[in-house]
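The values are calculated or read from the model by the stated rules, or taken from the named source; none is laboratory data. Quick caveat, the model's predicted, so the values are computed rather than measured. Backbone-built Cβ (ideal geometry, glycine too); neighbour counts: all protein chains shown. All accessible areas refer to the heavy atoms of the entire protein, side chains included, with ligands and DNA or RNA removed. Shrake-Rupley method; radii C 1.70, N 1.55, O 1.52, S 1.80 Å.
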Amino acid sequence: MRFKDKSTLLVCAMVLLLAPALVHAEHDSFGKMGIIPPKTSEPAPAFVAKNLRGEMVKLSDFKGKVVLLNFWATWCGACREEMASMQNLYSSLGSDGVEVVAISIDRWNEDRIQEYVKKSNLTFPVLLDQDQKVRKQYHVMGLPTSYLIDGEGKIRGYASGARTWDSLDSQKLFLSLKNDSLLKADRLSMRAD
């Protein structure tokens, strides 16, 4: 196998050397955060839901980003408890390709959701699932429930119950998922003569 230049060879060597360390770091962060990785990473179920401005939003709108997909309700105390840390995560890592998407399963009171979002200064996308179709697609039984979706749209982890999403371990986890997606993209774009 011939490489066009030494930098390509160096990149290939770095990928091969660092890949096991990244996998170990990811799983270590999963454990620290209480995130359960799936046995096999499957594509996240596609959905379309309305945001608080009345616009339709698709999961595919976030392709290429690592997504924290959170199911919550205004009447859920544990859900409200973790919202500030979700906002902090979004503020810290949003520019690094990490997206937070919260799906409210409140059935009727859209004004209550709007009021809560405004009062809590939430700037990440909040979507409405009043008919609970998206909740059912994701088999959500309790709240809060969160899914970690990588840049390729695959589910990489699941969490039931509140988490501290802005912790150092959480930030490391999201960045490792982002870096893993970048490594995969780099591997696909490398060419040998």
| If you bin the C-alpha pair distances of the stretch 44-193 every 10 Å from 0, what whole percents do you get? | 11, 43, 34, 9, 3, 1, 0
| query | So which aspartates and glutamates pass the test for K32, namely a Cα distance under 16 Å, with those fewer than 8 places away in the same chain ruled out? | reply | D166, D169
| query | From the cross-link list K63/K178; K63/K119; K118/K154; K50/K178; K50/K118, which pairs have alpha carbons spaced over 20 Å apart? | reply | K63/K119; K118/K154; K50/K178
| query | Which net charge results for the neighbourhood of K65, defined as the other residues with beta-carbon distances under 11 angstrom from its beta-carbon, given Lys and Arg at +1 and Asp and Glu at -1? | reply | -3
| query | Heavy-atom accessible area per residue, the stretch 24-154, 1.4 Å probe: how many Å²? | reply | 50
| If r is the Cβ-Cβ distance from D131 to A78 and R0 is 30 Å, what FRET efficiency results, to the nearest 0.05? | 0.85
| task | Given the peptides 40-47, 159-166, 68-75, arrange them by the average over their residues of other C-beta atoms within 10 Å, most packed first. | result | 68-75, 159-166, 40-47
| Binning every alpha carbon pair distance of the stretch 29-127 at 5 Å from zero, what are the percents per bin? | 2, 11, 21, 24, 22, 13, 5, 1
| task | Quick one: net charge around S95, please, counting Lys, Arg +1 and Asp, Glu -1 for every other residue with C-beta under 12 Å from its C-beta. | result | 0
| What is the stretch 32-129's relative contact order, in percent, from Cα pairs under 8 angstrom and six or more apart in sequence? | 31
| Once label points are set 7 Å from the Cα along Cα→Cβ at both E42 and S95, what is their separation, rounded to one decimal in nm? | 3.8
| Heavy-atom accessible surface of the stretch 53-178: percent carbon and sulfur, 1.4 Å | 48
